[in-house]
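Q: Below is a structure I'd like to ask you about.
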Amino acid sequence: MPQASPRRPSDAPDAPPLLDGPALTPTALVRAMVMAYRARGMDPSRALELAQIAPSHLVDPVGRITATQMEVVSDAAMRELDDEALGCFTRPLPWGSYGLLARASLSSPTLGVALKRWCRHHGLLAPDVTLSVEVAGEVASIVLRLHHDPGAMAELGAVSVLRNIHGLASWYVDSRIPLQGAWFAHPAPPHADAYTVLFDGPTRFDAEHAAIHFDARYLGLPVRRDEAAMNQLLQRALFLTVRSYRRDRLLVQRVRALLASRPQDAHNANDLAALLHTSPRTLHRQLKDEGASLQRLKDEVRRQRAADLLLRSRKPIKQVAEAAGFQNEKSFIRAFKGWTGQSPGEFRGQ
């Protein structure tokens, strides 16, 4: 989904230094781009030079580049090849194809409708694959099914398409959409550990088809962007495919739900972060972005749970404490007094 203007990525006035930040993106993806050049009898040297990627660096089977280098080399390759699919499909996707797909879904009322439209329209441009939105219980999936063997381009095709639609989906609703897992039909590559950076959650290889999985509630979020925002996005759309979106508009709800449904498994930030497939530091930062804190959410959920059990059941105080997520009765009584000014027994009316 690149920009419509012909400006070179390195000409952008706000372009960050290419080598800043950790080198986490596998060079194997760039090797596939080079193969696309070779297949068309073209020279990839200029794209590699723009991204400051030495050809010798591509030989390393587990080599890495920075996110900015990946953004720049992808942008240059798409322009020079005039193919936003980077040679992954039998039919090239001319410059502006993914921007067209993004615009076509912009008027959708919800993310679910936008993604279904995007997948349907993608099939019109690239019949090599079928993309679909599927829901099973509380899990939504964007599934990519191949209609022929793409050979050595399999990894780049699946990774780029799924990261594209994941980044765009997050942008549509102005929210980070954390993944619960990602599947790929190709075998695990030597750089398989890099997939923990490319995609949230556990990664599965040699699957029947490629897919990303996430909480189905995100499908109900409204599309929050307009035409002006779209025009701005298309000036540097590849940014979305190589960097994670920060804000998560459903995070507070997801944390509350886990605290309520699995209180014994969510005693602290480490436990909760593991359930959410993120790190404690990221969890705290994202909650802060949403104007919340883990402690306040824990207090709210535990207070409500404890109050309900005290008023609507005859469970002993010790069992109420356990059900509310406390590890012992003494800490529960102290916390409850702090919330209400009463002991649990006084609140119950005993």
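Q: Yes or no: VAL159 β-branched (Val, Ile, Thr), out of contact with any His (no Cβ under 7 Å at 6 or more places or on another chain) and closer than 30 Å to ALA228 by Cβ?
A: No, not satisfied.
Q: Among THR241, THR278, which is modelled with pLDDT under 85, assigned to a helix (DSSP H, G or I), among the polar types (S, T, N, Q) and within 14 Å of the chain's Cα centre (by Cα)?
A: On inspection, the qualifying residue turns out to be THR241.
Q: Take the residues in region 1-39 that are polar (S, T, N, Q) and surrounded by 12 or more Cβ atoms within 10 Å (Cβ to Cβ), then tell me which one is modelled with the highest pLDDT.
A: Within region 1-39, the match that is modelled with the highest pLDDT is THR27.
Q: Would you pick out the residues in region 310-350 that are of a type in the set (A, V, I, L, M) and touching a Lys or Arg at 6+ places or on another chain (Cβ under 6 Å)?
A: Scanning region 310-350 gives LEU310, ALA324.
Q: Exactly one condition in (1) of a type outside the set (Gly, Ala, Ser); (2) surrounded by fewer than 21 Cβ atoms within 10 Å (Cβ to Cβ); (3) in contact with a Gly (Cβ under 8 Å, 6 or more places away or on another chain); (4) free of Cβ contacts under 8 Å to residues at least 60 places away in the same chain is false for THR110; which is it?
A: (4)
Q: Can you find a residue in region 296-308 that is under 29 Å from ASP200 (Cα atoms), more than 24 Å from the chain's Cα centre (by Cα) and either free of Cβ contacts under 8 Å to residues at least 40 places away in the same chain or not in a helix (DSSP H, G or I) (or both)?
A: Yes, there is a match, as at least one residue in region 296-308 is under 29 Å from ASP200 (Cα atoms), more than 24 Å from the chain's Cα centre (by Cα) and either free of Cβ contacts under 8 Å to residues at least 40 places away in the same chain or not in a helix (DSSP H, G or I) (or both).
Q: I would also like to ask the following. Of the numbered conditions (1) free of Cβ contacts under 8 Å to residues at least 40 places away in the same chain; (2) part of a helix (DSSP H, G or I), ASP206 fails exactly one; give the number of that condition.
A: (2)
Q: Hey, another quick one. Of the residues in region 147-186, how many are in contact with a strand residue (DSSP E or B) (Cβ under 6 Å, 6 or more places away or on another chain), modelled with pLDDT of 95 or more and either of a type in the set (D, E, K, R) or surrounded by fewer than 22 Cβ atoms within 10 Å (Cβ to Cβ) (or both)?
A: 1
The values are calculated or read from the model by the stated rules, or taken from the named source; none is laboratory data. All of these numbers come straight from a predicted model, not from anything done at the bench. Cβ atoms come from the backbone with ideal geometry, glycine included; neighbour counts cover every protein chain shown.
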